Amino acid sequence: MPADAAPTRIVDSLRRRIRPRARHEGLYREALDAGLTELQARIVAGRLDAPRAPLEALIRPALKYIEHPGKLCDSRRAAERIARAVAEGEHIGVLTDYDVDGITSHVVILRTLTELFGVPAGHVHSLIGHRIHDGYGISLPLVERTLALAPRPSLIISADCGSSDEPRLARLREAGIDVVVTDHHALPAEGPPPSAHAVVNPSRSDCGYPDNTIAGCMVSWLLMSLTRAVLIELGLLSPDTPKLSPWLSYVALGTVADCVSLGDSAINRAVVTLGLTLINRMDEPCWRAMAEWLGEDSTPFDAETLAFQMGPRINARSRLDDPYAALHFMLARDDATARRHLAVLDEDNQSRKSIEADMVESARALARAQLEAGARVLAVHLEDGHPGVQGIVASRLVQSWGRPTFVLTPAAQPGMLTGSGRSVEGVHLRNALQRAFELAPEALPRFGGHSGAAGIGVPVEHLAAFREALTRAVDEQLGERELYPQILSDGALDETQLQLAILDELEALAPFGREFEAPLFEGRFLVEKTRLVGAEGNHLMMDLSSGAVTLRAIWFRAVSPGELPPFGLGETIRCAYRLSRNRWRGRESLQLMIEHAEMADA
């Protein structure tokens, strides 16, 4: 073998490839029979294989497809305990995770208690951990803070956390505090934590709820809805008490931001669809402030707005500091307050972007050695990295190299690393970590998550053992499958389809998100004009033509600052692109959002 054969093979395996989506022919015909257009049927059949829900529920989302909360294991016991606390005037702690799912869960529980159930605001205690100082979930510092409260709550309702926190739950129980856990993360192999009063989690093996992909905020919404019904049954609440439907706006945000499935989940699709309708009424100051911040052409909001505009700003606060500004923003009762808190969130988001850019550059350099050794899973240790940005950096490496990736940084506890991971199609990250734990328990004392994302704690001295165990676990899932960065295409469009009307056809299939990604097409275009734009000159604006049609296209981060455009006038390129509605001063036009481009003969 020539000396340069291995490096050449590695470089080739890391080149992005545009691949057509596999299409489920039976579902394609079913979609056509259901009245979808050929293009719509192609989109649906390229994303769904054997959906658990009927096709009608997925393509025409509706509230009627949300399953009754009573089907959640332990939900009745949990609801009765909360109802008793409300009736007897107990102090209640609301303890949630610090990300968007946790913050929106917090809002749902708190507003329900105070506005619908009449619990005095002074009887509700907000408990949110600090990502860096406290760590994830019901952490020991958060327990100590709870025990120091005066008066001390006699009931705690957790959301988006708690399923793996038995030692801390035992500490709270010993102190006379009942804990109702609501969560959606995978449970430990030994099952629900026994010290909790109730554990409401659709991921429980003994839970009969038909959808375990719902977000933590949805679990909280379902439980609080059931609690309302219990309070009415007991005569402690008027039957005229409003339902929790308006809070689905928050649930929609948490669902999209937490990247749960929008594929074959009729519940998630219904929640996001209805929630966006509620958000676009702009009844709450937080939505109005965000619309004002983003500009007049930002409305109506869609799932992409929640995922890439609202979600990152809320998450940025907890990544860099305490998360309470995010909570105050969501709970703001007037526009001025919402604007003030949003300014803080946006400033943090700008800081997060700067930190992220530096960490991505360092992570890429460290990952290359692992790639050159043929690694199919990356575990990068950034000695000076910021723990709040691990997950984003991991996502960037996954996009670049198509491998499951963990990014680790020093933890607050001496001798420990904390890390976040992101996965690829075909690798269930939580299951891989469970297997790695079985292979090297000393190397993975803490882990949790789901198929696409996970968090870990690893002793520095066992980092090599963790990498070895993780590699074996991922290899067992992948078998002989080759990994490379890929872009899945929905095929080509002819020039007659490249009109603004096509967006209405595609948007009828919304919401788009994880496992039901926004449509992405491929095509050959002639380059008519190029121009580098952006503060650093790294975004490429182009005019591209296909036959008689010429369209504006934008490719973000197409080049590194200082580089020249990769294509010249008159050249033909092959690209993968999304379609977007470009709004400018009240006028709309079709625009291509380039995901990847290369010379047509590459």
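Does the range 325-335 contain at least one residue that is touching a Lys or Arg at 6+ places or on another chain (Cβ under 7 Å) and either among the charged types (D, E, K, R) or in the same structural domain as SER105 (by TED's automatic domain parsing) (or both)?
Within the range 325-335, the subset touching a Lys or Arg at 6+ places or on another chain (Cβ under 7 Å) is 325-326, 335.
Still in the running and either among the charged types (D, E, K, R) or in the same structural domain as SER105 (by TED's automatic domain parsing) (or both): 335.
For the range 325-335, residues touching a Lys or Arg at 6+ places or on another chain (Cβ under 7 Å) and either among the charged types (D, E, K, R) or in the same structural domain as SER105 (by TED's automatic domain parsing) (or both): present.
Residue-by-condition table, conditions (1) touching a Gly at 6+ places or on another chain (Cβ under 8 Å); (2) assigned to a helix (DSSP H, G or I); (3) modelled with pLDDT of 95 or more; (4) surrounded by fewer than 20 Cβ atoms within 10 Å (Cβ to Cβ):
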{"site": "GLY208", "(1), (2), (3), (4)": "no, no, no, yes"}
{"site": "ILE214", "(1), (2), (3), (4)": "no, no, yes, no"}
{"site": "LEU231", "(1), (2), (3), (4)": "no, yes, yes, no"}
{"site": "GLY235", "(1), (2), (3), (4)": "no, no, yes, yes"}
{"site": "ASP240", "(1), (2), (3), (4)": "no, no, yes, yes"}
{"site": "LEU248", "(1), (2), (3), (4)": "yes, yes, yes, no"}
{"site": "THR255", "(1), (2), (3), (4)": "yes, yes, yes, no"}
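List the pairs whose first member sits in the range 434-456 and is without any contact (Cβ under 8 Å) to a residue 12 or more places away in the chain and surrounded by fewer than 18 Cβ atoms within 10 Å (Cβ to Cβ), whose second member is assigned to a loop (DSSP other than H, G, I, E, B) and among the charged types (D, E, K, R), and whose Cβ atoms are under 6 Å apart, counting only residues at least 6 apart or on separate chains?
Taking only residues 6 or more apart or on different chains, not a single pair turns up.
Being of a type outside the set (A, V, I, L, M), part of a strand (DSSP E or B) and crowded, with 16+ Cβ neighbours inside 10 Å is the filter here, so list the residues in the range 553-579 that pass it.
If we filter the range 553-579 for residues that are of a type outside the set (A, V, I, L, M), which is where we start, we get 555-557, 560-563, 565-568, 570-572, 574-575, 577-578.
Now restrict to residues that are part of a strand (DSSP E or B): 555, 572, 574-575, 577-578.
Within the range 553-579, TRP555, ARG574, CYS575, TYR577, ARG578 meet the criteria.
Check whether at least one residue in the range 265-277 is surrounded by 24 or more Cβ atoms within 10 Å (Cβ to Cβ), of a type in the set (D, E, K, R), assigned to a loop (DSSP other than H, G, I, E, B) and within 16 Å of the chain's Cα centre (by Cα), and report yes or no.
no
Specify which of the listed residues (LEU397, LEU327, LEU331, LEU371) is free of Cβ contacts under 8 Å to residues at least 60 places away in the same chain and buried (at least 17 other Cβ atoms within 10 Å of the Cβ).
Values: LEU327 fails: free of Cβ contacts under 8 Å to residues at least 60 places away in the same chain; LEU331 fails: free of Cβ contacts under 8 Å to residues at least 60 places away in the same chain; LEU371 fails: free of Cβ contacts under 8 Å to residues at least 60 places away in the same chain.
Step by step, each of LEU397, LEU327, LEU331, LEU371 is checked, and only LEU397 is free of Cβ contacts under 8 Å to residues at least 60 places away in the same chain and buried (at least 17 other Cβ atoms within 10 Å of the Cβ).
Given THR114, THR96, THR104, which one is surrounded by fewer than 18 Cβ atoms within 10 Å (Cβ to Cβ) and either of a type in the set (Val, Ile, Thr) or at pLDDT below 95 (or both)? Steps first, answer last, please.
Numbers: THR96 fails: surrounded by fewer than 18 Cβ atoms within 10 Å (Cβ to Cβ); THR104 fails: surrounded by fewer than 18 Cβ atoms within 10 Å (Cβ to Cβ).
Only one candidate passes the filter, namely THR114.
HIS596: under 27 Å from SER423 (Cβ atoms) and either surrounded by fewer than 17 Cβ atoms within 10 Å (Cβ to Cβ) or modelled with pLDDT of 90 or more (or both), yes or no?
Numbers: under 27 Å from SER423 (Cβ atoms): yes; either surrounded by fewer than 17 Cβ atoms within 10 Å (Cβ to Cβ) or modelled with pLDDT of 90 or more (or both): yes.
For HIS596, the condition - under 27 Å from SER423 (Cβ atoms) and either surrounded by fewer than 17 Cβ atoms within 10 Å (Cβ to Cβ) or modelled with pLDDT of 90 or more (or both) - is met.
Which of the residues spanning the range 306-355 are of a type in the set (A, V, I, L, M, F, W, C) and outside any helix (DSSP H, G or I)?
Within the range 306-355, the first condition is being of a type in the set (A, V, I, L, M, F, W, C), and the residues that meet it are 306-308, 310, 314, 316, 320, 325-327, 329-332, 336, 338, 342-345, 355.
Of everything in the range 306-355, just one residue is of a type in the set (A, V, I, L, M, F, W, C) and outside any helix (DSSP H, G or I), namely ALA332.
I'd like the full set of residues that are of a type in the set (A, V, I, L, M, F, W, C), modelled with pLDDT under 90 and over 18 Å from GLY385 (Cα atoms), limited to the range 315-356.
Here is the first cut: in the range 315-356, the residues of a type in the set (A, V, I, L, M, F, W, C) are 316, 320, 325-327, 329-332, 336, 338, 342-345, 355.
Those still in the list that are modelled with pLDDT under 90 too: 316, 320, 325, 355.
Of everything in the range 315-356, just one residue is of a type in the set (A, V, I, L, M, F, W, C), modelled with pLDDT under 90 and over 18 Å from GLY385 (Cα atoms), namely ALA325.
Working only within the range 162-184, note down all residues that are closer than 16 Å to SER139 by Cα, outside any helix (DSSP H, G or I) and within 27 Å of the chain's Cα centre (by Cα).
Residues satisfying the conditions are GLY162, SER163, SER164, ASP165, VAL179, VAL180, VAL181, THR182, ASP183.
The values are calculated or read from the model by the stated rules, or taken from the named source; none is laboratory data. For clarity, every value in this text was computed on a predicted model and none was experimentally measured. Every residue, glycine as well, gets a Cβ built from its backbone with ideal geometry; the counts of neighbours run over all protein chains shown.
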